[in-house]
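A short write-up of the structure that comes next.
The values are calculated or read from the model by the stated rules, or taken from the named source; none is laboratory data. The structure displayed is predicted, hence computed values, not measured ones. Please note: Cβ atoms are built from the backbone with ideal geometry, for glycine as well, and neighbour counts cover all protein chains shown. Areas reflect the complete protein model, heavy atoms only, side chains present, ligands, DNA and RNA absent. Shrake-Rupley method; radii C 1.70, N 1.55, O 1.52, S 1.80 Å.
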Amino acid sequence: MAYESPLLRRPGAVAPPDDHPDAGVPWHWGDPFAEQRTATRGVAVVDRSHRQIITVTGEERLSWLHLVISQHVTGLRDGEGTEALVLDSQGRIDAHLVLAHIGEKVFLDTDPGATATTALPKGGEKQTLLEYFEAMKFWSKVEILDATDDWAMLTLLGPEVPSLLARFGIELGTGPYAVARFEGGVARRMPWPGPSSVDLLIPRQQLGEWWTRLTDAGARPAGSWAFDALRVESLRPKLGVDTDERTIPHEVNWIGSAAHVAKGCYRGQETVAKVHNVGKPPRTMVLLHLDGSQEIYPETGDPVRLGERTVGRVGSVAQHHELGPIALALLKRSTPMDAELTAGDTDRTAAASVDPDSVPREHTAPGREAAQRLRG
């Protein structure tokens with residue numbers, strides 16, 4: 001049965017379309033642009049209780065994880081977190097994870113329904129992420145549990161988050177993924193989609209209670225619409241939306257933040273090291289500004305074209321409170337970054353321009369004027 005957050009039954013909650021990647025949690029609470037403004041100027045709270053939560057315990061939890069994910073975690077201290085990927089044997093992305101290490105337990109949260117390519121010699125088939133981890137356990141002294149029924153996530157956004165946390169006695173370190181315990185839950189600082197973002201892992205049975213406590217303390221309810229708009233602005237991809245079956249970490253800004261280039265002994269490491277050291281990724285993720293003069297916009301998976309030639313694919317599409325309609329897109333490296341592009345298919349085509357600030361350093365980006373014109 002598909003997940004449905006109990007907060008969707010609260011007054012003002014608007015559900016997303018059934019096929020939305022974040023179906024099951026509120027899309028917005030009546031005014032998504034005001035929610036975005038609050039998330040950048042005050043404090044907002046977003047229901048992300050649909051995320052899957054996995055816990056790993058045992059004396060070999062870090063050394064085992066180090067072998068099966070793309071990030072260097074053997075030295076991850078109590079009270080620290082990070083991001084990581086699960087790759088297939090060709091270095092293509094299977095899953096994206098965010099970690100929190102606290103009290104001899106590692107929390108892994110990921111998108112609902114996350115899968116990984118089987119570890120069989122022929123490979124190619126998909127299994128749940130939990131099944132993959134269990135298959136890779138062998139004789140390691142670890143215990144892996146699906147804790148989604150026990151834990152739920154709320155995310156706080158905005159510059160006033162530290163003040164709100166202080167009211168609940170929650171103190172986080174200064175690191176980008178600092179982790180701390182509080183009243184039976186776990187708080188983790190995040191470097192996106194804003195400088196003061198914090199994820200709260202709380203007992204699932206207390207989801208409604210904590211929502212009320214946070215909103216009574218001044219946090220404005222915000223939905224996945226606002227979160228995604230700020231995520232797109234931050235150039236942070238969403239797996240399965242901004243990626244396809246061929247995507248490798250270098251193409252979507254996950255090198256360093258989620259994939260370590262120097263450590264070995266994890267599946268897909270050869271591709272990561274080779275592209276980093278001697279090659280360049282075939283595509284690059286950029287921010288597109290879309291022509292805002294129409295009401296129909298491109299959808300995820302639509303082509304990006306230069307003239308009649310397809311040069312990329314559309315990922316996340318968002319309506320931003322300041323930038324207007326924007327999208328993430330994977331473009332071929334050969335695409336001129338100052339070109340006038342079109343994004344979309346059939347009757348949902350819009351003129352598009354690459355935001356020059358989103359272009360990797362190895363590209364030149366003289367297209368600032370075109371981007372500014374579309375913003376206006």
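Could you please state how large a percent of the accessible area of the chain is carbon and sulfur, counting protein chains only and using a 1.4 Å probe? Its accessible area is 49 percent carbon and sulfur atoms.
Across segment 83-96, rounded Karplus estimates of 3J(HN,Hα) from the backbone phi angles (6.51 cos²θ - 1.76 cosθ + 1.60, θ = phi - 60°) give 10, 7, 10, 10, 10, 8, 5, 9, x, 7, 7, 8, 8, 10 Hz, Gly and Pro being marked x. In order along segment 25-41, the Karplus-derived 3J(HN,Hα) couplings, from 6.51 cos²θ - 1.76 cosθ + 1.60 at θ = phi - 60°, round to 10, x, 7, 7, 10, x, 8, x, 6, 5, 4, 5, 4, 5, 5, 10, 10 Hz, and Gly and Pro are given as x.
Calculated mean residue ellipticity, 222 nm, the chain: -5000 deg cm²/dmol, from DSSP H runs (n ≥ 4) at -39500 (n - 2.57) each, averaged per residue and rounded to 500.
The alpha carbon radius of gyration of the chain, expressed as a multiple of 2.2 N^0.38 Å, is 0.98. Normalised by the number of residues in segment 267-331, the mean separation of alpha-carbon contacts (under 8 Å, six or more apart) gives a relative contact order of 34 percent. A 1.4 Å probe over all protein chains sorts Val14, Val142 by accessible area into Val14, Val142, starting with the largest. Residues Phe227, Phe138, sorted by accessible area with the largest first, give Phe138, Phe227 [1.4 Å probe; ligands and nucleic acids excluded]. Think of a 1.4 Å ball rolled over the protein heavy atoms: segment 216-259 then has 32 Å² of accessible area per residue. Using Cβ point charges alone (K and R +1, D and E -1), the dipole size of segment 65-125 about the Cα centre works out to roughly 180 debye. Taking Ile296, Ile248, Ile255 and ordering them by how much accessible surface each has at a 1.4 Å probe, largest first, produces Ile296, Ile255, Ile248.
The value for segment 73-177 of Rg(Cα) / (2.2 N^0.38 Å) is 1.28.
Phi angles across segment 299-304 convert, under the Karplus curve 6.51 cos²θ - 1.76 cosθ + 1.60 with θ = phi - 60°, into 3J(HN,Hα) values of 10, 3, x, 5, x, 10 Hz, Gly and Pro given as x.
Averaged per residue, segment 53-146 has 44 square angstrom of accessible surface, using a 1.4 angstrom probe with ligands and nucleic acids left out. Packing, taken as the mean count of other beta carbons within 10 Å per residue, orders the peptides 94-107, 66-79 from highest to lowest as 94-107, 66-79.
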